[in-house]
Amino acid sequence: MGEHVLAEVDSMSSGSAQRFDIEGVRLAVARVDDTFYALADRCSHEDFSLSLGEVFIDTCEIECARHGATFDLLTGAAMCFPATVGVAVYPVKVVDGKIVVTLP
Ligand code: FES
């Protein structure tokens with residue numbers, strides 16, 4: 001499905017997450033300092049939006065706001081219970097001040 005421009009870099013602050021819906025794919029995009037991460041916006045424990053959770057800058061993780069599972073922003077790996085399965089991650093880059101995600 002290729003590259004998609006999501007938003008201006010300045011529209012997200014470090015430590016924030018935001019949901020984007022691109023061609024039927026739900027994305028949770030998080031910013032840590034000047035790096036952006038994109039994960040499937042669906043917790044692997046139950047169907048809950050990860051973009052509603054808190055971003056942990058120090059460990060580079062996002063917490064599911066429903067039951068508290070955390071996921072590694074870089075790999076999507078589940079880092080604590082109750083989630084035991086990771087979520088998909090997608091490449092993100094910044095081009096001309098815009099956040100660009102690549103979907104397979
Ligand atoms: S729905 Fe995410 S931890 Fe339960």
Cα centroid separation - the range 49-93 against the range 1-16, whole Å:
17 Å
Please compute, for the alpha-carbon atoms of the chain, the extent along each of the three principal axes and give them in descending order in Å.
39, 29, 19
Which value, in debye to the nearest 20, describes the size of the charge dipole of the range 2-103 about its Cα centre when Lys and Arg Cβ atoms bear +1, Asp and Glu Cβ atoms bear -1, and nothing else is charged?
200 debye
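Every number here is computed from the coordinates shown, using simple stated rules; none is lab data. Computed from a predicted model, the values in this text were never measured in an experiment. Positions of Cβ are backbone-derived with ideal geometry, glycine not excepted, and every protein chain shown enters the neighbour counts.
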